[in-house]
1. From the backbone phi of segment 199-210, what are the Karplus-calculated ³J(HN,Hα) couplings (6.51 cos²θ - 1.76 cosθ + 1.60, θ = phi - 60°) in whole Hz, Gly and Pro given as x?
2. Taking the Cα centre of the chain as origin and charging only Cβ (+1 Lys, Arg; -1 Asp, Glu), how large is the dipole, in debye to the nearest 20?
3. So for the chain, taking the charge dipole from beta-carbon charges (+1 Lys/Arg, -1 Asp/Glu), which of Gly47, Ala231, Ile82 sits furthest toward the positive end?
4. Provide the packing ranking of 188-200, 162-174, i.e. peptides ordered by the mean count of other C-beta atoms within 10 Å per residue, highest first.
5. What list do you get for Ser159, Ser80 if you sort them by fewest beta carbons within 10 Å?
6. Rounded to the nearest 500, what is the chain's calculated 222 nm mean residue ellipticity when only DSSP H runs of at least 4 contribute -39500 (n - 2.57) each, over all residues?
7. Just report the Cα centroid separation between segment 185-232 and segment 76-105, whole Å.
8. Can you tell me which of Glu106, Glu181, Glu78 moves the most in a GNM of the chain? Springs connect C-alpha atoms under 10 Å apart.
Amino acid sequence: MNHIQGSLIYEGKAKRVFAHENPDRVLIEFKNDATAFNAKKRSLIEGKGRLNCKISAALFELLELNGIPTHFLELHSERSMIADKVNVIPLEVVIRNIATGSLCRETPIKQGTMLSPPLLDLYYKDDELGDPILTERRLSLLDFISDIQLKEVEEITRSTNKILKEYFDSLDLLLVDFKLEFGTNSSGKLVVADEISPDNCRFWDKKKSDPKERILDKDRFRQDLGGVIDAYEEILKRIEKQSSHAI
């Protein structure tokens, strides 16, 4: 089905959001821009948008099949999807299964420590402020999410983690950590929004022991390891292989 792309509503670091002929929907285009450290590091990586779009679509479909509500409706092209228009909650929800990244920089917890139960961290979504971590009292002061909504966000995140961990384990991948964003659609329903891709997830290849070679996510860009597209292609290849076996 063809959809008419409307005017640009919003442009972020990795995506453009356009109006749709249905006012309750949007068209999301995934860019080839790569950014890290709150966009202090930038590059253009040809093919990244296509890979992140296709990976996100597959993972949103997986979540929907398992009862997790998302904004995803359908693919529009290799680099764009149709989604519910949502009122974005300015919250980044990070769930960590294995310690790495900022957790190890900010605490004495050693790299590679298994976290049981998984650690759930909340951050205020604001690039100018550097997406600061939120405490319960800070959340209360900001007053942008109700206690009921927050409980639902945390429950959905933990359920999503369980689904994705098991799924990626079957692909010989460790889901180290990932970030979710949420919004409410035109019906007021809370849904997972944004994307789920190697840009906001960390994946380690279970088949490799070398701490650098096993990385199959944006840490390859952050750490100047090279092979970003090869890593993203590998994630999509394993997803598509699993899908073909399921048919």
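1. 6, 10, 10, 10, 10, 10, 6, 5, 7, 10, 9, 5
2. Roughly 640 debye, rounded to the nearest 20.
3. Among Gly47, Ala231, Ile82, the one farthest towards the positive end of the dipole of the chain is Ala231.
4. By packing density, highest mean first, the sequence is 188-200, 162-174.
5. So the residues, fewest neighbours to most, are Ser159, Ser80.
6. Result for the chain: -9500 deg cm²/dmol, rounded to the nearest 500.
7. Answer, in whole Å: 10.
8. Residue with maximal mean-square fluctuation among Glu106, Glu181, Glu78: Glu106.
Where a number appears in this text, it was derived from the coordinates with a stated rule and is not lab data. Note that this is a predicted model, so its numbers are computed, not measured. Positions of Cβ are generated from backbone atoms using ideal geometry, with glycine treated the same way; all protein chains shown enter the neighbour counts.
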